[in-house]
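Only one structure is covered here, and it is reproduced in the block below.
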Amino acid sequence: MGFWITQSLNSLALGGLLFTLSAGFSLIFGLMRIANLSHGAYFMLGAYIGLTLLRTGMNFWLAMLLAGAAMAIFGALIERFVLRRLAGRTLSQVLATLGIAFMIADACLWIWSGDPMPLPGPASLEGAVPVLGARFPLYRLAVIAVAAVIYAGLLLVVERTRIGAMIRAGVDDLDMARAVGIPVKTLFTAVFALGAGLAGVGGVIAGPILSVYPGLDADMLPLALVVVILGGVGSLTGAAIGSVVIGFIYTFGQALLPDLAYVILFLPMVLVLVARPRGLFGRVTT
Amino acid sequence: MISPRVLARLAAEAIALAAVPLVAGNDYYVNLGSQVLIAAIFAMSLNILVGYGGMTSLGHAAYLGVSAYATAWLAQRMGMGPLAAGACALAITTLLAAFYGVLALRASGLGFLMITLALGQILWGLAYRWVAVTGGDNGLSGLARPAPFGWDLGSATAFYYFSLAVFGIAFAAIGLFVGSPFGASLKGARDQPRRMRALGYNVWLIRWISFVVSGFWGGVAGLLYVYYNNFISPHALSLTQSAEALLMVIAGGPATLLGPLVGAALVIVMKNVVSAYVERWTLLLGAVFVAIVIFLPDGLVPGAQRLWARWASRRGKGGR
């Protein structure tokens, strides 16, 4: 019984991390029609920046916010000076993001060397607490809570504010959104920056659990793709449910069939593709 | 069908490629030549999808890698001869392409790209973690080069000529494929899928067959790859490998026959020269990728042809 509770909570924690990664990926894809292949790299770079900040003795949550802000600025610059130059050429934009991903990955290897490094978690959240008879690390509970807060916040922005209405309009019909005077270019920069910032935040909170290492980007990007293929493009709820599903499959796969966990992870994607190519909650057909 | 001028140009190119070992002088350059040819076959196979079919795949390393792993595994663990192992590996790779094609062609455009990427990553993850079969991070090593029909491929020069022969066959076969009426229907499916459907063509089937053919030739490149290196590791299945091939196609010129060869030469030479001096090859790869996408979107070969045409017409008019 303890095994199932512990692993379920682990699954939720991993799902929370995946959500911070895939929510931005999904919104960017839905609005800009770009598969941002540098998204995994933003996650990793965010974690490395967080690590450097933490080594100066900074408070964990402040380091998380600063790393997120740094990645948001970075993302805004990429959107403004690379992607916008290629506006209207979707494939070129996607390939450019791939080139950027390689550059970030190699630059990180250069600066932070090749050793895996765990980020120190916040001291106040050390230790484990009893949950339904099992003991569970407090930090992972905090991760679940943070992810839930981010989900609620994003949902509030997208569903209840004027900017959110603009984003939804853009996702549903970009040409019509332009025609009614929505400042689509600014919106693109804002959403890309938001996505990159969320990925950076995700990288920092993942740090104490996953550590940060070269190849973290290549490990995370396919997970984001699978979550989005599963949940559907441009849907926050789809990204949330997809993240939790993948979190459960990966965690239990890892525990029960360690050799094949990585392959089992992709099975739901295959099933969804066969049955419903636009994803479970997709607003956009790709 | 093929004009004498084109034939003469192809002959000149064939002679130039055949002369490489004679001019090169030392094995380093001959081996570099073999690497370029193997990469060119791989890029040509991807070009069927990307250039002629308009389907951008980021998972093409799957076919090179699976063919290479299957060859090494069948030859070493099952004790098969090189010919039998190669034939089985190609059959496995083609079957894999048939299966992956069904999945990837559920979507088009970016969906296709994401699915091929994810499918490719499955195999990469499998190669890393299924240690019992793949040797994990260490890969499979110690595979000896074969001597097909009594032709010992041990030396650099012999392997170069063998690669050149395979390259020639692949070049001719892919040239005939894309030049055939079927190839025309593939280009039609790329440019005007709705009209093709209205004309009664089965666009899905055309794309799927091309996907399988492309996977088969990717497998051929994998055979050469594993025998050239005598070694196979998960790197052969990595996203970097797929992206390098895509860069070769895009840099050289998609939907041109010679483009992949030019792109392969560019990438392989750059990689070897740069790696000799610095360790930052991936950084440069990324930068070149971004630069080519921004400044040379239609590739080197069409770009050069355009410049050549402009120069020729100016000379014709101005008389200077």
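Read the figures in this text as sums done on the coordinates, not as results from a lab. It should be emphasised that the depicted structure is a prediction, and the values quoted were computed from it without experimental measurement. Note that we place each Cβ from the backbone using ideal geometry, even for glycine, and neighbour counts take in every protein chain shown.
Report, in debye and to the nearest 20, how large the dipole of the stretch B:28-318 comes out about its Cα centre when Lys and Arg carry +1 and Asp and Glu carry -1 on their Cβ. The calculation lands at about 1000 debye. Rounded, prolate or oblate: which fits the stretch B:149-240 when a ≥ b ≥ c are the square roots of the eigenvalues of the alpha-carbon gyration tensor, with rounded for a/c under 1.5 and prolate only if a/b beats b/c? Judged from the Cα gyration tensor, the stretch B:149-240 comes out prolate (a/c at least 1.5, a/b above b/c).
A cut-off of 5 Å between modelled amide H atoms, ignoring neighbours fewer than 5 places along the same chain, links A:V212 with A:M117, A:L119. For the stretch B:305-312, backbone phi angles converted through the Karplus equation (6.51, -1.76, 1.60; θ = phi - 60°) give residue-by-residue couplings of 4, 5, 4, 4, 4, 5, 5, 5 Hz, Gly and Pro being listed as x.
Here the residues A:L51, A:L109, A:L271, ranked from fewest to most Cβ neighbours within 10 Å of their Cβ, fall in the order A:L271, A:L109, A:L51.
On average, how many beta carbons from a partner chain sit within 10 Å of the beta carbon of a residue in B:112-124?
On the way: counts 1, 9, 13, 8, 0, 6, 12, 5, 1, 10, 10, 2, 3.
Average per residue, whole number: 6.
Quick note on the protein assembly as shown: its Rg to Rh ratio, both from C-alpha atoms and Rh being the Kirkwood radius, is 0.99. Put simply, when A:201-212, B:89-100, B:296-307, B:67-78 are sorted by average Cβ atoms within 10 angstrom per residue, most first, you get A:201-212, B:67-78, B:89-100, B:296-307. When the Cα gyration tensor is reduced to axis lengths a ≥ b ≥ c, the ratio a/c is 1.5 or higher for chain A, and with a/b above b/c it is classed as prolate. Based on Cα contacts under 8 Å between residues 6+ apart, the stretch B:2-122 shows a relative contact order of 26 percent.
Only helices enter the 222 nm calculation for chain A: every DSSP H run of n ≥ 4 contributes -39,500 (n - 2.57), and dividing by all residues gives -24500 deg cm²/dmol, rounded to 500.
In order along the stretch B:83-92, phi translates into HN-Hα couplings of 5, 5, 4, x, 5, 5, 4, 5, 5, 4 Hz, rounded to whole numbers, per the Karplus curve 6.51 cos²θ - 1.76 cosθ + 1.60 with θ = phi - 60° and x for Gly and Pro.
How high is the relative contact order of chain A, given as a whole-number percent (alpha carbon pairs under 8 Å, six or more residues apart)?
For chain A, the relative contact order is 37 percent.
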